[in-house]
1. Of the beta bridges DSSP finds with both residues in the chain, what % are antiparallel, to the nearest 5?
2. Using alpha-carbon pairs under 8 Å, 6+ residues apart, how would you state the relative contact order of the stretch 68-144 in percent?
3. Sort 159-165, 186-192 for me by packing, meaning the mean count of neighbouring Cβ atoms within 10 Å per residue, highest on top.
4. Over all pairs of distinct alpha carbons, what does the Kirkwood formula give as the hydrodynamic radius of the chain, in Å?
5. Give the lysines whose C-alpha is closer than 27 Å to that of K179, dropping any in the same chain fewer than 8 places away, or say none.
6. At 222 nm, what value in deg cm²/dmol follows for the chain if DSSP H runs of at least 4 each add -39500 (n - 2.57) and the sum is divided by all its residues, to the nearest 500?
7. Could you work out the relative contact order of the chain, using alpha carbon pairs under 8 angstrom and six or more residues apart, expressed as a whole percent?
8. If the label point is 7 Å along Cα→Cβ of K124, which residues in the stretch 130-174 have backbone nitrogen under 15 Å from it?
Amino acid sequence: MSVRPGRDAIDGVLAQLYGTTEPEHWTVSHHWTVGSADPLEGISAYARTDPVPHWHYITYGMSELDEKAWGEPSVSGWGFEFTFRLLGDIDVDPAPTWPANFMQNLARYVFTSGKRFAAGQTIKANGPIAADHAESPIRAVGFATDPELGIIETVNGRVEFLQIIGLAETEYQAARGGKLLNVLDALRDRLPLLVTDIDRESLLPPPAPRAQWPRWGGGLRGRG
């Protein structure tokens, strides 16, 4: 039996999608369990040409990569691994590193707060999610099940591939209160595979202003 059954399960589902394609891969020299600030052991990024050129990032470390150690038998670790799809020129540029840093930050939040992310949730960043794109309108993210990787059952329990989707302000506002999946359904034709384009403008118009009652000067007067 493999000493890393959780990692093998992730590698297996990625092999079904990408075959023998080698991804770009980042690893940490020291893991969270030995005092590192980085909970994720590694992050891979695969170059894609369809349906639009993009990089597909997948994390290793939110689920249990080694033998089962967490107490909940039906769920592996936190129950998910992050994914992210970034629009880009895969023939010219290497995979940007900022998404890997962003994913580590999200993982750090989960590990320190004990709060899991789930499909349908949204969060707003303090600025653009891409640290090197100060003018980017994409300043929030939502979470949905990765449309290709989905959910798998491993010997350590269930693992959902939870995709991070970049949102502009009006999209974030429309998605709040548990409405994200409805918003994504409405935008899916313009966001193939929910790929994030950090340079795009919002795909939703700002909300219409609320009607207001006119303000009367003075009190009401009866007819004399």
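1. Values: 29 of 36 bridges.
Restricted to the chain, the bridges split so that about 80 percent are antiparallel.
2. On the way: 53 pairs, mean separation 17.2, N = 77.
Relative contact order, the stretch 68-144: 22 percent.
3. Numbers: 159-165: 25.4, 186-192: 13.3.
The densest-packed peptide leads the list: 159-165, 186-192.
4. On the way: mean 1/r = 0.0523 Å⁻¹.
Hydrodynamic radius (Kirkwood, Cα pairs) of the chain is 19.1 Å.
5. The reachable lysines, counting only those whose Cα sits under 27 Å from K179, are K115, K124.
6. Numbers: 4 runs with 45 residues, N = 224.
Computed mean residue ellipticity for the chain: -6000 deg cm²/dmol.
7. Values: 397 pairs, mean separation 40.8, N = 224.
Averaging sequence separation for qualifying contacts and normalising by length gives 18 percent for the chain.
8. 137-142, 167-174, by backbone N distance to the label point.
The values are calculated or read from the model by the stated rules, or taken from the named source; none is laboratory data. This one's a predicted model, so the numbers in the text were calculated from it and none came from an experiment. Using ideal geometry, Cβ is built from the backbone for each residue, glycine included, and neighbour counts are taken over all protein chains shown. Please note that ligands, DNA and RNA were not included when accessible areas were found on the heavy atoms of the full protein model with its side chains. Shrake-Rupley method; radii C 1.70, N 1.55, O 1.52, S 1.80 Å.
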